[in-house]
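Here is the structure we will look at, set down as structure tokens.
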């Protein structure tokens with residue numbers, strides 16, 4: 001990795017203590033943008049603790065965490081999530097009876113400006129939100145290779161495809 005490669009994730013000297021137990025003892029991680037890494041290790045090695053710290057769910061005892069150039073070390077979890085930082089779990093987090101496109105729509109409601117009444121009346125604010133969603137959804141579906149299955153019910157997707165949908169829906 002060259003020094004000019006932008007980093008997606010950087011953890012510097014991350015430590016986490018739970019009372020007298022050291023879950024992490026000075027972890028350094030550098031993950032370049034556009035790469036995919038895995039983290040393996042035995043139970044109790046600190047993998048979940050590290051992921052919780054990287055996405056802002058847990059605060060480190062010391063050290064620093066940068067995600068896409070943002071210092072997220074002390075950032076509240078809800079603020080990190082609003083910046084697109086999140087995590088998934090082994091169990092997929094999709095609405096199985098809904099289409100791929102509807103899963104993206106459900107995940108977007110929190111960022112929309114319209115009210116329930118405006119939605120029912122199909123107001124100009126609702127129309128603007130939906131137009132913006134349609135543009136963003138098309139980009140996300142293309143990026144994740146989900147365009148061909150956008151109308152397919154999420155529960156019928158292969159597990160790996162459901163995982164891609166769950167990651168895009170939460171971000």
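Kirkwood-based Rg over Rh for the range 7-82 (C-alpha set), two decimals?
On the way: Rg = 12.0 Å, Rh = 12.6 Å.
A ratio of 0.95.
Which angle from 0 to 90°, rounded to the nearest 10, does the C-alpha axis of helix 159-170 make with the longest principal axis of the chain?
90 degrees
Specify the residue with the greatest mean-square fluctuation among 65, 100, 125, computed from a Gaussian network of the chain linking alpha-carbon atoms under 10 Å apart.
Most flexible of the set in this elastic network: 125.
Between the helical axis of 124-144 and the dominant principal axis of the chain, each derived from Cα atoms, what acute angle in degrees is found, rounded to the nearest 10?
50 degrees
Nearest 0.05, what FRET efficiency do residue 106 and residue 22 give at R0 = 45 Å with Cβ-Cβ as r? Mind dumping the intermediate values first?
Numbers: r = 40 Å, r/R0 = 0.89.
Calculated transfer efficiency: 0.65.
Label the range 100-170 by shape, choosing from rounded, prolate and oblate, from the square roots a ≥ b ≥ c of the eigenvalues of the Cα gyration tensor; if a/c is under 1.5 it is rounded, and otherwise prolate applies when a/b is larger than b/c, oblate when it is not. Kindly include the intermediate steps, with their values, before the conclusion.
Details: a/c = 2.51, a/b = 2.15, b/c = 1.16.
Verdict is prolate for the range 100-170.
At 0.36 nm per residue, and after removing the present C-alpha to C-alpha distance, how many nm does the segment from residue 134 to residue 159 gain when stretched out fully?
Gain in length upon complete extension: 6.5 nm.
Can you tell me the FRET efficiency between residue 152 and residue 12 if r is taken as the Cβ-Cβ distance and R0 is 35 Å, rounded to the nearest 0.05? Let's see the in-between values first.
Values: r = 42 Å, r/R0 = 1.21.
For residue 152 and residue 12, the calculated efficiency is 0.25.
Pick out which of 14, 72, 27 has the largest mean-square fluctuation in a Gaussian network model of the chain, springs linking Cα atoms closer than 10 Å.
Maximum fluctuation in the GNM of the chain, among the listed residues, is at 27.
All of the numbers you see were taken from the coordinates with simple rules; none came from a lab. Predicted, not measured: the structure shown is a model, and the values here were computed from it. Here Cβ is always computed from backbone atoms with ideal geometry, including for glycine, and neighbour counts include all displayed protein chains.
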